[in-house]
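Remarks on the structure that follows.
The values are calculated or read from the model by the stated rules, or taken from the named source; none is laboratory data. Since the structure is predicted, the reported quantities are computational estimates derived from the model, not experimental observations. Cβ placement follows ideal geometry from the backbone for every residue including glycine, while neighbour counts extend to all protein chains displayed.
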Amino acid sequence: MPRHCPLYYNEDSTNFFFHYDSTGGRGGAALDSYLDLLAQTGITSLLCNTNAQRSNYNSNVWTPTWAGFDPAGADDQPYLAPLAPPSRAGWRRLASNMLALHEEGIDYPARVVEGSRARQMSPWITLRMNDVHDQENVEHPIHGRFWYEHPEFWRQGADGYFARAFDFGHAEVRAYYMALVDETLERYDIDGLELDFLREPFLFSVGAEDQGRELLTDWMGQVRSRVDAAARHRGHPILLGIRTPSRADVSLAFGLDPLAWARAGWLDLLVVGPRWSTIEFDMPLDEWRQQLDGCDVTLAGCLEILRGRHWTAPKRPVTAAEARGAAAQVLAGGADAVYLFNYFQSADATTIPDAWTGDAYAETIHSLASLERITGLARCHCITFTDMAGPEGTPAHALQLPAQGTSLLFLLPTGPRPVDGSAELRLEIAVEGPDATPVVHINDSAPLVLASDTAAEQIRRLVYRIPVGNLADSTRNHIRVQSEAAFRVEGIDIYIEPVAGT
C-alpha cells in the first residue's frame, strides 16, 4: 500500500480576503467554498495564519487589520493615505472583506477551525513571530499600534529590510506575543499551534543573538506549558510546532534552538525551509533526522512557491513538476511530511504556471502527498540555493550557481530512481561563452547525448538525454560539465518522466 504522508498547508492571513468577496453577507459562504477547495487537495493539516503585524480577526490583544478603516470613506482617508495610490484599492478590498466578515458575526479563525475539522483536515493556527512587511513606511496600515508606539523595541544595529523588526530581548515584546498565544489557545479549539520564526528570524539586535537564545528558550518552555494546559482544558492533545531556517546552524545563529526544544520534549512538529526567495531542493534533512534521533517529532520540509537558480537570477513560481521534485527530495531525504507555504490558487494563467490555476490546482497539491504518488508522475529537480545564512554580517553559504570554469562539478539529488522512463539534463549557460558544446557526464557515465541546443534572453539552453539507469538512487548525482574554454553555468535541472504505471 502507498504510504500517504502528512501534507501541511499554511494559509496566509490575507489570501482569502484579497481574493474572495466577503461583503454583502457573502463572507461565510465564500469562506466555506474556499475550504471546500482546499479539502479537495488532500491536505491533512490546514494551518490558519491569523496575524502579520495585525490580526485578521477581532483580537482583544492585537490591533485588528480593519481598525481605523472607514469602508464608506474616500481613498485618501487617514487609513489609506500613507499608501501609494496604486496600492489603495487592494488594501481597501482587504480591510473591507475582513470587516464585513466580522460584521456578519463570523470569527474567521473559528470558522476555519470548525470547517477544517468538518472536512477531515486537522485544524492548526500558525502565528507569524516577527512579520516586517512594509516597515520602510512607518505609517502603513499594516503596522499594529504596539509596533508604531514603541520604536524603542525595534532591533538595534541593523539597517535595511529587517532593521525595524521587534527585538525579543525586551520582556515587553515577549509578553506581547505571549498574549497572542494565550488568546489563540483560549479562543480556538485547535489541534496544533505553530510559531512561524521564518516570518521573520531576525529576532534580536545585532550581536545579541547568543544571550537572546537563552531568553527565547525560556519563553518557548512557557509556551509549551500553556499548550499543555489548554489541551487539558479541551480534553484532547494540542500539538506545538515551529517553522525555522533549513539549516540547524543558521537557526542557532539567529538565536533559535529548535534541537534543544525538541530534545526537551516541547516540539511535536519541526518545519524547516527557506525564507522566501526560492524553493530549496537540497535541504540537509538527513542531518536534521540524525540530530533528532530519540525525539518524538514530525520533521517536515517546507516548499516555497518561488524558484530561483541563484541570488541574482530571476524568480518565478514553481511548476507542478518542480514542486513534485522538491517534495520527492524532502521525503526521500529523511522528512516525515511535506509542508506548503504560499501555494495559492490563482486565476491568472498568463503569469502563473498552469499547476496553480483552475482544476489543475487541487490535482497538483494532491500529487505531493506521498513519495509513491510523486514518483509516478513527471518531476523536475533543480539546483537552487539556501536563502538564509544568519543575521547581518554572517558569511553566506557556498553556492553551486552561478559557476565558471572549464571543468565544473555539481551535486543534485533526484530522489528514488525510476524503474523505467526517460530523463534529461537541462543545462543553462551564458551566451557570451564559447561556441563549443560542453561535455556532460553524470555519475561517471559515458558522455550524455545532446538532444537540443537553443538560446534566448542571453541564456543558451542545452538538453542532454540521461539513461535512467545512470541516475543515483536517493543520493546526490555527480554532474561533471567540461569544455576547452571557460564557460559560465547559470542553471542545472534534471527532468524525469516515468513510464505510466511504473
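Only residues that are without any contact (Cβ under 8 Å) to a residue 60 or more places away in the chain and not in a loop (DSSP other than H, G, I, E, B): list them for the stretch 183-212, please. Outline the logic, then answer.
Restricting attention to the stretch 183-212, the residues satisfying the condition of being without any contact (Cβ under 8 Å) to a residue 60 or more places away in the chain are 185-186, 205, 207-208, 210-212.
Leu185, Glu186, Asp210, Gln211, Gly212, listed by residue number.
Could you say whether any residue in the stretch 485-493 is more than 21 Å from Gln404 (Cβ to Cβ), outside any loop (DSSP other than H, G, I, E, B), at pLDDT 95 or above and touching a Gly at 6+ places or on another chain (Cβ under 9 Å)? Write out each step before concluding.
Taking the stretch 485-493 as the starting set, the residues that turn out to be more than 21 Å from Gln404 (Cβ to Cβ) are none.
So far as the stretch 485-493 goes, no, none of its residues is more than 21 Å from Gln404 (Cβ to Cβ), outside any loop (DSSP other than H, G, I, E, B), at pLDDT 95 or above and touching a Gly at 6+ places or on another chain (Cβ under 9 Å).
Which of the helices (runs of 4 or more DSSP H) contained wholly in the stretch 70-182 include at least 3 residues that are crowded, with 18+ Cβ neighbours inside 10 Å and modelled with pLDDT of 95 or more?
On the way: elements: 85-103, 108-118, 145-149.
Counting at least 3 such residues, we get 85-103, 108-118.
Being surrounded by fewer than 19 Cβ atoms within 10 Å (Cβ to Cβ), closer than 20 Å to Glu363 by Cα and modelled with pLDDT of 95 or more is true for just one of Leu331, Leu340, Leu306. Which residue is that? Can you show your working first?
Numbers: Leu331 fails: surrounded by fewer than 19 Cβ atoms within 10 Å (Cβ to Cβ); Leu340 fails: surrounded by fewer than 19 Cβ atoms within 10 Å (Cβ to Cβ).
Matching residue, one of Leu331, Leu340, Leu306: Leu306.
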**Message:** Let me spell it out: the conditions are (1) surrounded by 15 or more Cβ atoms within 10 Å (Cβ to Cβ); (2) in contact with a strand residue (DSSP E or B) (Cβ under 6 Å, 6 or more places away or on another chain); (3) under 18 Å from Leu401 (Cβ atoms), and Arg476 meets all of them except one. Which number is the exception?
**Reply:** (1)
